[in-house]
Structures are given as structure tokens and as C-alpha cells.
Amino acid sequence: MNLFDVLERDHRALLDLLRRAGRTSARAPAARSELLAKARLSFDDLAEVKETELLPALRSQDCAGDGSVEWRLVGSADELAQARRMFDELRDTDPSDRRWMVRMSLLQEHVERHVATDRRELYPLAKRLGPPELKLERRGRAASDGLLPVVTRAVRNRVASLWF
């Protein structure tokens, strides 16, 4: 199983949680809250891998220098930030309120579009640029010098070992 298979599996699990939450009734606020909490944890795990490893590794391997890679990476990071805000809004909405379902639908649509964009643009780009093992090792040394944020060894190893 490579990195893209793992991300695909995690995306499917996240979308499944969002769909299940979207099918709940206003009479089941506890179920809504529980599914939303599980979906947020799933999302946070995915976002951590993408933001701390995948996107920086791709940025460091951009050889074209024409901004096309940066444009995709900034777009992906912005979509993740928007999803976080949507999760926060939903968390702050009473699960028995009618607005909860509207916000859940919007969140689900946003995540589905983001996953489709990853599949269509980000993954092919990452496969073209190749595995980031050398860049990740350099990143680890720089992080120990305090130049870059420290990323957990587990996350770094997961990305590097699963790239292809």
C-alpha cells in the first residue's frame, strides 16, 4: 500500500462519516455530535500529513519554477483551512437546529470537491515529481536546527515509506 492508497482510504472513511452524519435526524443530536467528532479527528489526521509532509515535500521538489505547482499547493492548503472553519461552525451549531443539517451538507460538498481536486491534480503532480525521501531527511535536519517546525517522526516515516 502506498501513500496515495492510504490517503484514498482515509478520504473514503472521512466521507463515509460525513455522509452518515448527514443522514441523521434532528432527534439524534448525540449521534450527530459523535459522528462529527469522529469526522473531525479523521480530517485532522489527513490534514496533518498533507500540511506537514506532502505539500512541503512537493513544494521543495518543484523544478519548473513557473508557479503552477505553488498555485495547486496554496489552493489545497486554503481548502483545508476552509474545511477547518466549516467544522468549527458545525461544532458550534446545536445538533438539533435545522441549520446543522445545512452546514453539514455544505461541509460534505466542500470535502468531496477537495478530494476530487486531490485525485485530479495533486496526486498526479506528486507522482510526477517523485518520492520526497531526500527532501524529508533534509527537512528533519533543518527542523532540529530550529529553522523549520518539527514534524513527528511517525508522520515523516509514514509519508516517506508509503510514497510509491
Criterion (modelled with pLDDT of 95 or more, of a type outside the set (D, E, K, R) and exposed (fewer than 15 other Cβ atoms within 10 Å of the Cβ)) met by exactly one of ALA64, ALA81:
ALA81
On the given criteria, is LEU7 in a helix (DSSP H, G or I) and at pLDDT below 95?
yes
Return a yes/no flag: does segment 44-54 have any residue that is touching a residue at least 24 places away in the same chain (Cβ under 8 Å), over 17 Å from the mean Cα position of the chain (by Cα) and closer than 17 Å to LEU122 by Cα.
no
Among the numbered conditions (1) of a type in the set (Asp, Glu); (2) assigned to a helix (DSSP H, G or I); (3) modelled with pLDDT of 95 or more, tell me where GLU121 comes up short.
(3)
Taking segment 10-30 and keeping residues part of a loop (DSSP other than H, G, I, E, B) and among the hydrophobic types (A, V, I, L, M, F, W, C) leaves ALA26, ALA28
When you check SER68 against the structure, is it of a type outside the set (Phe, Trp, Tyr), under 19 Å from ARG128 (Cα atoms) and in contact with a Ser or Thr (Cβ under 8 Å, 6 or more places away or on another chain), yes or no?
no
Residue set SER76, SER96; condition assigned to a helix (DSSP H, G or I) and of a type outside the set (D, E, K, R); output residue SER76
Can you find even one residue in segment 24-35 that is acidic (Asp, Glu) and in contact with a Leu (Cβ under 7 Å, 6 or more places away or on another chain)?
no
Restricting attention to segment 1-27, report how many residues are free of Cβ contacts under 8 Å to residues at least 60 places away in the same chain and among the aliphatic types (A, V, I, L, M).
2
Take the residues in segment 25-43 that are in contact with a Phe, Trp or Tyr (Cβ under 9 Å, 6 or more places away or on another chain) and surrounded by 15 or more Cβ atoms within 10 Å (Cβ to Cβ); name whichever of them is nearest to GLU79 (Cα to Cα).
PHE43
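The values are calculated or read from the model by the stated rules, or taken from the named source; none is laboratory data. For clarity, every value in this text was computed on a predicted model and none was experimentally measured. Ideal geometry is used to build each Cβ from the backbone, glycine not excepted, and the neighbour counts take in all protein chains shown.
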